[in-house]
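Quick notes on the structure that follows.
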Amino acid sequence: MIPRTTNLRRILPLAVTLAASTLGCSEGSTGPADDDAEPAHGRLRRAAAAAGKLLGAAVNSGALASDPTYAEILAREFDYVTPENATKWGPLEPADGTYSWANADTIVDLAEQNAQSVKGHTFVWHQQAPSWLNALGAEELRAAMKQHIETTLERYRGRVRAWDVVNEAVDTTTESGYTDSVFYRALGPSYIEDAFRFAREADPEVLLFYNEVGLERAGPKSNFTYELMRALLERGVPIDGIGFQSHVSIHRYPSLDNLRENIRRFAELGLRVNVSELDARTLLMPGDRDARWFAQRIAFQQVVGACVAEPGCEGVTLWGFTDRYSWINDEGEPDDPLVFDRDYAEKPAYDGVLAGLAGRLPVAGDNLVGNGDFSSGSERWTASEGELEVDAAAARDGSAACLRTRSAEDAAIQSADLREALSAGGPLAFSSVVLVQGAERATLEATLVVEEEGVGPRVLSLATVEANDTGWTELSGYVGLGFTAEPTNIVLKIGGAPAGVDVCLTQVELRPLSSP
Ligand code: G3I
């Protein structure tokens, strides 16, 4: 199990809160003397302190240097900062042994002035790694890694609360399950363990995190990473925490239960869980801006609310805070994934974060799917192919539908037209339970197929899960539904297993989400 020494850095958020109250800049305070002055801490920062969670933002060095409004909001609204790029290996050590500390120093200095904690990001990552690493042999690379970690930790000893030691080492689309990187190719998976051990030797106090993309969603990647963490911790590898990056889109993101269960299981390994890079794209959901931004508010509220509800989650870091500087804008498809707009106005998502910090979760309305429990037999359900059989559910109360004699992978259990029920669109929570027969396990997917006037069908993936033949598995997810034209047909489909595998389903729900 991981070592658990109490030290100043680990209790910094509490210390900062106490210090801030002593100095008169805690919740509700307007700071010293001047009654007209802005509160030193904004609403987000005060709400995070009240919730006992860290609220962070990734810091863009260019914006920090050139944009006073950016710097002012960063200081006011967040108590935890992560350099977005300045502490990556490439920017920090562009040539072997030659360091470029200026941007990182600025962020750490400012954080101290603003009583914010810092998380460094990231020692070992295949992106933004310096090109000189490519010329090194295995042992040279290991030595370079050790040197880089030691030098950086030495410089910021006592001033940085935590580091992402390894980032994105898992890729379940490869044969090995590991990311094909300069590190993996030269050293195999041992580089992960080595990096953590080097970091712990260099600084016995700082918190050491593993950070990964796509973990928030239950599934193969989350499972692989969970097993990796379990194995490493069992071998005594010093890992203190895990970051769920959480780059989501409002047209599809994990359900609350899914996210909470995932947080819980990693926390039960003894890891501090951080939501480490939260942003929520909106433009993949058609519809006007108000509808998209409302769905985005719900997404932020849900993720932040999940962290607040789970004692094992210590905080949420947003990957930036203003749409003006989001990394997504540089990816060729600009979006509006953050909580302040491009002119620094607070968006509905800002209120979503506030509500989440206050422990208020989005509320689900009535189920919009008729006969989702199959209590009226197969009414309102059909088979796109194969035979639909409704009977008493195996090993649970109530009824279930099973699709048998499927001769194609796309043979699915299909709902009646849901147009009337779903005409308002918006954020929806989908849930169901599924089982397969005729195979030990198979991946199932729920989709919403939306046909619109003059537009080809759009297939929205609601959720995927690996189902098995021994017990019911939850298949759930969230979707932001919008329309590009008048809908002519909307059906829900559950299928995806190989031909010949029976798909069983019950408790199907699609509930609209709101935030009263
Ligand atoms: O600093 C150089 C600048 O000198 C040069 O003129 C300019 C020309 O394009 O590039 C600048 O570097 C860019 C850097 O951002 C700073 O703006 C890089 O090209 C660009 O690749 C880099 O993108 C960053 C990306 O990681 C790198 O893959 C994004 O800002 C950053 O938000 C993103 O963050 C990652 C996390 O670290 C890990 N998780 C995923 C997340 C999103 O991809």
Potential extension, residue 132-residue 344 segment - 0.36 nm per residue separation minus Cα distance: 72.4 nm
Modelling each spin label as a point 7 Å along the Cα-to-Cβ direction, I'd like the residue 440/residue 382 distance in nm, to one decimal. 3.7
Using the alpha-carbon atoms, what tilt in degrees (0 to 90, nearest 10) does helix 348-357 show relative to the longest principal axis of the chain? 80
If the only charges are +1 at each Lys and Arg Cβ and -1 at each Asp and Glu Cβ, what is the size of the charge dipole of the range 97-213 around the Cα centre, to the nearest 20 debye? 220
Classify the range 240-378 as rounded, prolate or oblate, taking a ≥ b ≥ c as the square roots of the eigenvalues of its Cα gyration tensor: rounded when a/c is under 1.5, otherwise prolate if a/b is larger than b/c and oblate if not. oblate
What's the FRET efficiency of residue 205 with residue 391 using the Cβ-Cβ distance as r and R₀ = 51 Å, to the nearest 0.05? 0.25
Is the range 136-189 best put as rounded, prolate or oblate by its Cα gyration tensor, with a ≥ b ≥ c the root eigenvalues, rounded for a/c under 1.5, and otherwise prolate when a/b is larger than b/c, oblate when not? oblate
Please work out the FRET efficiency for the pair residue 112 and residue 231, using the Cβ-Cβ distance as r and a Förster radius of 56 Å; give the result to the nearest 0.05. 0.90
Between residue 407 and residue 289, what length in nm is gained on full extension when 0.36 nm per residue of separation is reduced by their alpha carbon distance? 38.2 nm
Looking at the calculated P(r) for the chain, what percent of the C-alpha pair distances fall above 35 Å? 39
Order 122-129, 150-157, 501-508, 470-477 from most to least packed using the mean count of other Cβ atoms within 10 Å. 501-508, 122-129, 470-477, 150-157
Antiparallel content of DSSP bridges confined to the range 219-359, in %, to 5: 15
19 Å reach of a label modelled at residue 419, 7 Å along Cα-to-Cβ, counting backbone N of the range 491-516: 491-493
For the pair residue 351 and residue 96, what calculated FRET efficiency results from E = 1/(1 + (r/R0)^6), where r is the Cβ-Cβ distance and R0 = 41 Å, to the nearest 0.05? 0.30
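Once the piece of chain linking residue 69 and residue 190 is laid out straight, how much longer is it, given 0.36 nm per residue of separation minus the C-alpha distance between them?
Stretched out fully, the residue 69 to residue 190 stretch lengthens by 39.2 nm.
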Listed peptides 271-281, 78-88 by packing density, highest first (mean Cβ within 10 Å): 271-281, 78-88
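Values quoted throughout were computed directly from the atomic coordinates according to the rules given, and no laboratory measurement underlies them. Source: prediction; values computed, not measured. Here the Cβ is made from the backbone with ideal geometry for all residues, glycine too, and neighbour counts use every protein chain on show.
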